[in-house]
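These notes concern the structure reproduced below.
The values are calculated or read from the model by the stated rules, or taken from the named source; none is laboratory data. Because the structure is predicted, anything quoted here is derived from the model rather than measured. Heads up, the Cβs are rebuilt from the backbone with ideal geometry, glycines too, and the neighbour counts pull from every protein chain shown. To get the accessible areas, we keep the full protein, side chains included, count just its heavy atoms, and leave off ligands, DNA and RNA. Shrake-Rupley method; radii C 1.70, N 1.55, O 1.52, S 1.80 Å.
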Amino acid sequence: MPRKTYIAAIQAALAEELRQDPNVILIGEDVRLGVFAGTRGLHAEFGDARVIDTPISELGVAGAGIGAAATGLRPVVDLMFGTFLYLAFDQIANQAATMRYMFGGQTRLPVVFMTQNGGGIGAGPHHSQPVHPFFMNLPLIKVVMPSTPYDVKGLLKAAIRDDNPVVFLNHLSLGSQRGEVPDEAYTLPLGKAEIKRAGRDLTVVAAGLMVHHALKAAAELAESGIEAEVVDLRTLKPWDEETVLASVERTGRCICVDESYPVCGGASEWAACISEKAFYALKAPVQRISNAHVPIPFSPTLEKMVIPQPAAIVAAAHRVMATTLPERN
Amino acid sequence: MEPNKLLDLYTRILRIRRFEEQVGTLFAQGQLPGFVHLYIGEEAVGAGICALLRDDDYIVSTHRGHGHVLAKGGDMQRMMAELFGKRTGYCKGKGGSMHIADFSIGMLGACGIVGGGIPVAVGAGLSAKTRGTDQVAVSFFGDGASNEGSFHESLNLASALALPVLFVCENNQYGEFTPAIQAMNIRDIALRAQGYGIPGVIVDGTDALAVYDVAQEAVARARRGEGPTLIEAKTHRRGGHAEGEEAFLGGQQYRLADELAAARRNDPLLKLHTFIVENGQIPLETLETLDHEITQAVTEAVAFARASEAPDETILYEDTWV
Ligand SMILES: Cc1ncc(C[n+]2csc(CCOP(=O)(O)OP(=O)(O)O)c2C)c(N)n1
Ligand SMILES: [Mg+2]
């Protein structure tokens with residue numbers, strides 16, 4: 001199987017979808033040149049009408065994506081950095097998340113808002129704050145966060161074909177990551193997790209970059225005889241409760257790792273659900289690992305302290321492994 | 001212009017130029033983390049405007065903000081330390097290149113969100129008006145930012161409330177890699193002022209004296225309580241949008257040939273230097289000594305930044321809730 005970078009996999013997904021459906025368009029700032037390269041080269045094949053550079057107007061462009069989706073197109077709106085979705089937030093939260101329902105099912109909105117979410121590259125607070133919990137919180141919006149080149153291709157294609165608004169979150173730190181990506185067309189179902197590493201002792205739930213941190217931690221834990229299972233959610237909403245709960249039923253211990261803030265973050269959502277639905281399987285309290293609750297600082301030294309690192313997962317794993325529940329009567 | 005004023009203007013430009021050249025070198029050597037956007041080629045705008053401001057006047061800047069901080073009188077050592085992410089930096093290493101601020105001289109911060117600073121400047125103007133002072137607030141922003149909603153809302157708001165604000169659009173003719181003329185159907189952003197009922201002036205942003213003249217009128221108007229002005233300074237980025245972009249663009253070109261030629265012809269430092277020399281008011285040795293001193297100060301700033309410590313966990317949790 002050919003090996004590709006994460007970015008090349010995004011490019012391949014976009015090219016295939018633009019090719020197979022004339023209603024797919026790609027619109028955003030500098031999508032021709034491709035700021036994060038995922039859109040690079042597509043203008044040459046698909047031209048001005050399908051690959052559209054816009055002014056710097058996130059609210060307008062996101063809204064235009066919604067309007068175009070309501071009237072027959074399948075727009076992929078490229079918003080470059082996750083934090084720029086805050087500028088588009090009104091259109092996504094007040095229009096995309098309500099229209100179909102509010103108008104009694106008269107429309108469907110097949111629009112993808114694609115961006116680079118998260119930190120780790122010393123870009124400072126305005127470019128590094130994770131945004132996914134805001135969108136997880138909204139009704140009717142799907143949220144996808146792929147971790148590998150293989151996944152990003154299949155999930156992006158599925159997102160474009162989905163008839164619902166999807167916030168599609170790539171991670172800047174994963175752009176040059178390489179992996180096997182088939183040249184053939186394939187999609188991966190939204191809402192389905194994948195067990196990236198099997199293990200009997202504890203379950204680590206993660207998505208995006210955190211999957212890699214979890215895998216690193218799992219490798220280290222294996223050296224001390226602890227076998228961690230790493231569940232990559234792939235889609236944050238709807239998320240695959242079934243796979244996660246089944247894993248926790250097997251292991252009895254769980255760590256939820258998310259690159260977002262601890263209050264109402266991804267880890268909070270997963271931990272709450274697990275505590276509610278797998279309570280009797282638990283041998284230790286569910287652990288949450290999230291960002292420190294401060295803006296993402298510029299200094300690489302500080303930034304590393306904010307974003308969950310493999311060491312924090314290892315430490316939490318030792319903690320839960322050392323826990324024994326008191327006798328219940 | 002009086003010789004001391006002229007020298008002041010020249011000093012501001014030269015400080016920015018020498019600082020930015022050094023930052024460019026450091027970035028190329030891989031010594032600076034994150035993104036860096038240089039102000040080389042645009043110095044006359046920040047310098048020309050800030051030469052008119054008092055320490056208690058406000059400015060709000062952009063991602064391309066080093067020049068604004070320096071023009072307002074910022075300290076090179078604390079700036080350089082911030083670029084290195086050190087605890088001695090202006091923001092203790094928590095802001096970096098795109099987020100330098102010095103509230104003690106009215107520099108309310110650079111901003112990584114395009115157009116994000118414009119409403120903040122309006123707020124500073126509102127504050128001055130409400131408190132009954134004659135302070136003014138200046139918002140610097142780019143041609144690209146003038147396509148954001150925040151620009152339009154801010155102009156209208158400041159106009160409706162007659163606030164003492166200068167909206168200074170640095171039209172360097174690109175937003176990242178997109179030519180401004182492709183992102184809007186007008187050539188003069190100053191035209192947009194009309195829609196909000198405020199004066200809109202165009203000035204050669206590579207000519208510090210011209211900027212100074214235009215700003216004088218706008219500042220006076222704001223101090224008199226007559227409301228905001230939009231100044232469009234036509235200028236050029238000498239380099240790329242961000243440092244290191246050549247590697248990142250993989251050979252893709254986007255600069256318009258005639259614009260690139262114009263950028264080379266219109267160097268604001270050279271322009272002012274030529275004017276001063278032809279004018280004969282300031283001896284050449286004075287300029288040379290000044291250059292030497294500034295270059296020395298930049299070198300010292302780098303040494304200071306290098307010798308400074310990285311921030312620690314205490315700093316991470318500082319400056320949250322008051
Ligand atoms: C809200 C937002 N959208 C997009 C970006 C990415 N971005 C950074 S600088 C820039 C171009 C800004 O152009 P302009 O306002 O003309 O300023 P210049 O860089 O030319 O000084 C863009 C699009 C951003 N930082 N913030
Ligand atoms: Mg510009």
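Things worth noting here:
- Buried on complex formation within the range A:15-60 (loss of at least 40 square angstrom of accessible surface versus the isolated chain, 1.4 Å probe, ligands and nucleic acids ignored): A:30, A:33, A:35, A:40, A:55, A:56.
- Centroid-to-centroid separation of the range B:1-21 and the range B:50-93 [C-alpha atoms, Å]: 16 Å
- Dividing the Cα radius of gyration of the range A:194-321 by its Kirkwood radius returns 0.95 for Rg/Rh.
- Cα-based reach from residue B:129 at 27 Å (exclusive), listing lysines while leaving out same-chain residues under 8 positions away: B:72
- Computed from point charges on the beta carbon alone (+1 for Lys and Arg, -1 for Asp and Glu), the dipole magnitude for chain B about its Cα centre is near 420 Debye.
- Lys, Arg +1 and Asp, Glu -1 on Cβ, resulting dipole of the range A:101-244 about Cα centre, debye, nearest 20: 480 debye
- Charge dipole (the protein assembly as shown, unit charges on Cβ, about Cα centre) - positive-most of A:222, B:62, B:248: A:222
- Cα-based Kirkwood hydrodynamic radius, the range A:3-180, one decimal, Å: 15.9 Å
- Given 11 as the ceiling on other Cβ atoms within 10 Å, longest exposed-site-free region of chain A for GluC sites (Glu not before Pro) in DSSP loops: A:1-183
- Cβ-based charge dipole, chain A, positive-most Cα from A:88, A:317, A:189: A:317
- When each of B:5/B:234; A:283/A:304; A:153/A:304; A:4/A:157 is checked by Cα-Cα distance, pairs over 19 Å: B:5/B:234; A:283/A:304; A:153/A:304
- Of the residues A:43, A:172, A:69, the one whose Cα sits farthest toward the positive end of the charge dipole of the protein assembly as shown, with +1 on the Cβ of Lys and Arg and -1 on the Cβ of Asp and Glu, is A:69.
- Per residue, in Å², the accessible surface of the protein assembly as shown once ligands and nucleic acids are set aside, probe 1.4 Å: 38 Å²
- Size descriptors for the range B:55-153: radius of gyration and Dmax over Cα atoms are 13.4, 40 Å.
- Exposure check, 1.4 Å probe, all protein chains in place: residue B:255 carries approximately 50 Å² of accessible surface.
- Helix-only [θ]222 nm of chain A, DSSP H runs n ≥ 4, -39500 (n - 2.57) each, per residue, nearest 500: -11000 deg cm²/dmol
- Here the range A:131-201 and the range A:38-111 have alpha carbon centers that stand 18 Å from each other.
- Chain B against chain A buries an accessible area of about 2800 Å², both chains summed, 1.4 Å probe radius.
- Accessible-area order (highest first, 1.4 angstrom probe) of the listed residues A:7, A:195: A:195, A:7
- Low-density loop cleavage sites - chymotrypsin sites (Phe, Trp or Tyr not before Pro) in the range A:64-128, where at most 10 other Cβ are within 10 Å (DSSP): A:103
- Diffusion coefficient, µm² s⁻¹, Stokes-Einstein with Kirkwood Rh over alpha-carbon pairs of the range A:58-115 at 25 °C and 0.890 mPa s: 219 µm²/s
- Only helices enter this figure: runs of n ≥ 4 DSSP H residues, each worth -39500 (n - 2.57), summed and divided by the residues of chain B, yield -14000 deg cm²/dmol at 222 nm to the nearest 500.
- Its residue count N fixes a reference of 2.2 N^0.38 Å for chain A, and the Cα radius of gyration divided by that reference is 0.99.
- Lysines with Cα under 19 Å of residue A:277, excluding same-chain neighbours fewer than 8 positions away: A:192, A:237
- Counting only Cα atoms, the size of the range B:163-207 along its three principal axes is 33, 25, 15 Å, in decreasing order.
- Here the range A:30-89 is assigned +1 on the Cβ of each Lys and Arg and -1 on the Cβ of each Asp and Glu. Its dipole about the Cα centre then comes out at about 120 debye.
- Per-q log10 I(q)/I(0), the protein assembly as shown, q = 0.06, 0.07, 0.12 Å⁻¹ (Debye; single scatterer per alpha-carbon; no solvent): -0.36, -0.49, -1.27
- With all protein chains in place and a 1.4 Å probe, the accessible surface of the protein assembly as shown carries 54 percent carbon and sulfur.
- In this structure, the amide hydrogen of residue B:107, modeled 1.01 Å from its nitrogen in the peptide plane, lies closer than 5 angstrom to those of B:59, B:102, counting only residues at least 5 positions away or on a different chain.
- The mean of 1/r over all pairs of different alpha-carbon atoms in the range B:3-301, once inverted, gives a Kirkwood hydrodynamic radius of 19.1 Å.
- Exposed-loop-free span, longest in chain B, where GluC sites (Glu not before Pro) count as exposed if DSSP calls them loop and at most 14 other C-beta atoms lie within 10 Å: B:1-225
- Summed over all non-identical Cα pairs, the Kirkwood treatment of the range B:262-322 gives a radius of 15.7 Å.
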